[in-house]
Each structure stands twice: as structure tokens, then as C-alpha cells.
1. Identify all residues within segment 14-56 that are among the aliphatic types (A, V, I, L, M) and open to solvent by 10 Å² or more (accessible area, probe 1.4 Å); write none if there are none.
2. List pairs: first residue in segment 246-263 and of a type outside the set (F, W, Y), second residue modelled with pLDDT under 80 and surrounded by 10 or more Cβ atoms within 10 Å (Cβ to Cβ) anywhere in the structure, Cβ distance under 7 angstrom, at least six positions apart or on different chains.
3. Is there a residue in segment 202-214 that is under 27 Å from Y226 (Cα atoms) and basic (K, R)?
4. Collect the residues in segment 160-192 that are over 21 Å from Y110 (Cα atoms) and either touching a residue at least 24 places away in the same chain (Cβ under 8 Å) or surrounded by 13 or more Cβ atoms within 10 Å (Cβ to Cβ) (or both), keeping them in residue-number order.
5. Select from segment 245-263 the residues that are open to solvent by 40 Å² or more (accessible area, probe 1.4 Å), closer than 18 Å to A33 by Cβ and at pLDDT 90 or above and list them in ascending order.
6. Could you say which residue among V174, V135, V178 is closer than 30 Å to A96 by Cα and either within 18 Å of the chain's Cα centre (by Cα) or modelled with pLDDT of 95 or more (or both)?
7. Give the residues of segment 107-122 that are surrounded by 18 or more Cβ atoms within 10 Å (Cβ to Cβ) and part of a helix (DSSP H, G or I), sorted by residue number.
Amino acid sequence: MPEPPLTPASPSRYDLYERCVQSPRASAAYLRAIHGRSPRVLREDFCGGGALCLAWVATDPQASAIGIDLDPEPLTRLRGVPRVRAIAGDVLDTNAKADIVAATNFPLGYFYERADLVEYLRRSRARLKRRGVFVADMYGGRDSMQLQTTSARFTLSDGTPVLYEWEHREADPVTARVLNVIHFAVGRGRRASRFRDAFTYAWRLWSIPELTDAYREAGFGAVEVYDHEAGAMDHLGTLHVRPYEPGADTLPDNWVVFVAGRA
């Protein structure tokens with residue numbers, strides 16, 4: 001399902017993030033496939049600009065979404081959107097329930113201590129509706145602790161080029177703590193508009209076994225690991241996914257996974 005074009009008129013850093021980093025419509029389809037039934041209400045924790053919320057309601061006229069973030073600034077993108085509720089607050093203290101609670105773009109990394117991670121997972125489980133699912137993503141692998149900068153080029157709908165840079169600025173393999181930074185440059189040459197340190201992330205990178213153990217301690221009855229947005233589309237346009245099977249599947253050297261917990 002193609003993403004809508006980004007307007008070239010003074011894109012904000014949130015617009016640029018959505019264009020260069022996210023695939024919200026694909027993510028919405030993937031979350032529905034992981035749920036496996038007919039979910040209607042999505043809760044997007046740590047939602048930022050709420051791109052997933054917007055894609056969720058845009059691709060299902062019966063759906064509604066709840067976007068939660070501590071920072072009220074990016075939530076302005078959600079104000080007044082039909083069937084989307086924006087909440088400026090702490091995800092730990094917000095009790096709105098949903099069929100799917102999603103914490104994507106690696107926000108579990110904000111929990112540095114295992115006890116805090118388990119508490120968030122426990123509260124998330126309590127906020128699921130019947131047969132609901134909690135889904136979060138994480139990255140890791142060979143290069144996750146390497147100090148480096150990678151880049152990619154994108155274009156706006158009028159052909160204006162965008163340079164996206166992802167910088168691993170700091171990394172400590174002893175604590176699994178990293179500092180990552182995103183930069184953007186919009187336009188060409190000296191006239192380009194530059195967004196240095198547009199976003200910064202001080203995370204702890206949790207391993208897959210650490211996450212699955214924490215999910216189980218938080219009370220999830222079933223915990224599944226999925227390749228990031230990998231699946232098959234049938235002739236009706238329905239996405240089908242299956243969880244990772246140890247011994248049958250392998251992950252790449254540098255991986256991104258979704259970890260799903262079912263109550």
C-alpha cells in the first residue's frame with residue numbers, strides 16, 4: 001500500500017521523519033496481521049507525530065486510534081482528526097484501552113532498568129481489550145554498537161531532495177546504552193535547509209531473550225517474535241505473517257524485530 005506523498009511546503013522535522021524513517025501504512029497492516037482478527041482500536045504509545053494513528057484510521061473507516069506522548073508539540077498533527085484521540089501525558093499513567101497497544105520505533109529503549117521495563121509491560125497488558133496484543137520493536141546485531149553514520153536519499157512530492165543521516169554517536173557495550181542522532185538536509189547545495197540533531201535518542205538496547213523474558217514476567221501468556229514487516233500478501237490484499245521459529249528461521253546480522261505479547 002503506497003504512502004501518501006509528503007508536501008514540499010516547509011516540511012517539519014516530523015514530516016521528514018515520517019518520509020525517511022517510517023512506513024506507517026505498511027506498519028498498520030502488519031499490526032492488524034499480528035493481531036489476527038479484526039482489531040478496531042489502536043493505542044500508539046510514545047507516538048510523536050502520530051503517523052501510525054493517522055494511517056490506522058485512514059486505512060479502515062471503522063477504526064479509531066489513541067496517540068499518547070509526553071511532548072504536546074508533535075500531537076498538534078492529530079488534533080481535529082476524526083476518530084483519533086491525542087493525549088499529552090505519560091504512557092505509564094494513561095489507562096485508555098485498545099485492541100492493539102503499539103510501542104514502535106524502539107521506545108522500549110527508554111527503560112534502562114529491567115524492573116521499569118517489566119512495569120511498563122505489565123501496565124500495557126492491563127490496557128488490552130479481550131484478545132488484544134501488545135507489540136514493540138527493537139533492533140540489534142553486529143553493527144548496533146559501532147560508531148558510524150549511514151545515509152539515504154529521498155524526495156518530496158515536487159522532487160526536492162532530502163538527505164537523511166542516522167548517526168551512532170555513542171555506544172557502551174557494557175551497559176548496552178547508545179546515543180543515536182538523526183539529521184536531515186532538504187534541498188540542494190548551500191541552499192539546503194539543514195536539520196542537525198533533529199532527533200536524539202538515548203536508549204538501552206534490549207536483546208531479544210531479555211525482552212521475551214520481561215514479557216513473560218509481566219504476565220503475557222504468549223510471546224512471539226516477528227521479522228520486521230516481513231510477510232506475504234494474498235490475492236485479496238490481505239497480509240499474512242508468522243512468528244519466528246528457532247531452528248527453522250534465521251535473522252540477519254543486523255536485525256529489527258517486532259515482539260508481540262498476548263494476554
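1. Initial filter on segment 14-56 (among the aliphatic types (A, V, I, L, M)): 16, 21, 26, 28-29, 31, 33-34, 41-42, 51-52, 54-55.
If the condition is that a residue be among the aliphatic types (A, V, I, L, M) and open to solvent by 10 Å² or more (accessible area, probe 1.4 Å), then V21, A26, A29, A33, V41, L54 are the ones that fit.
2. Matching pairs, first to second residue: V256/H228; V257/H228.
3. Keep residues of segment 202-214 that are under 27 Å from Y226 (Cα atoms), which gives 202-214.
Retained after the next criterion (residues that are basic (K, R)): 204.
Within segment 202-214, one or more residues are under 27 Å from Y226 (Cα atoms) and basic (K, R).
4. Result: T160, P161, V162, L163, Y164, E165, F184, A185, V186, G187, R188, A192.
5. Hits for segment 245-263 are V256, R262.
6. Numbers: V174 fails: closer than 30 Å to A96 by Cα; V178 fails: closer than 30 Å to A96 by Cα.
Among V174, V135, V178, only V135 is closer than 30 Å to A96 by Cα and either within 18 Å of the chain's Cα centre (by Cα) or modelled with pLDDT of 95 or more (or both).
7. Taking segment 107-122 as the starting set, the residues that turn out to be surrounded by 18 or more Cβ atoms within 10 Å (Cβ to Cβ) are 107-109, 111, 117-118, 120-121.
P107, L108, G109, L117, V118, Y120, L121, listed by residue number.
Every residue, every condition in (1) hydroxyl-bearing (S, T, Y); (2) out of contact with any Pro (no Cβ under 8 Å at 6 or more places or on another chain), yes or no:
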{"residue": "S10", "(1), (2)": "yes, yes"}
{"residue": "E18", "(1), (2)": "no, no"}
{"residue": "I68", "(1), (2)": "no, yes"}
{"residue": "P74", "(1), (2)": "no, yes"}
{"residue": "R77", "(1), (2)": "no, yes"}
{"residue": "V81", "(1), (2)": "no, yes"}
{"residue": "A102", "(1), (2)": "no, yes"}
{"residue": "F111", "(1), (2)": "no, yes"}
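The values are calculated or read from the model by the stated rules, or taken from the named source; none is laboratory data. None of these values were measured; they are calculated from a predicted model. Cβ: placed from backbone, ideal geometry, glycine included. Neighbour counts: every protein chain shown. Accessible surface areas use protein heavy atoms only, side chains included; no ligands, DNA or RNA. Shrake-Rupley method; radii C 1.70, N 1.55, O 1.52, S 1.80 Å.
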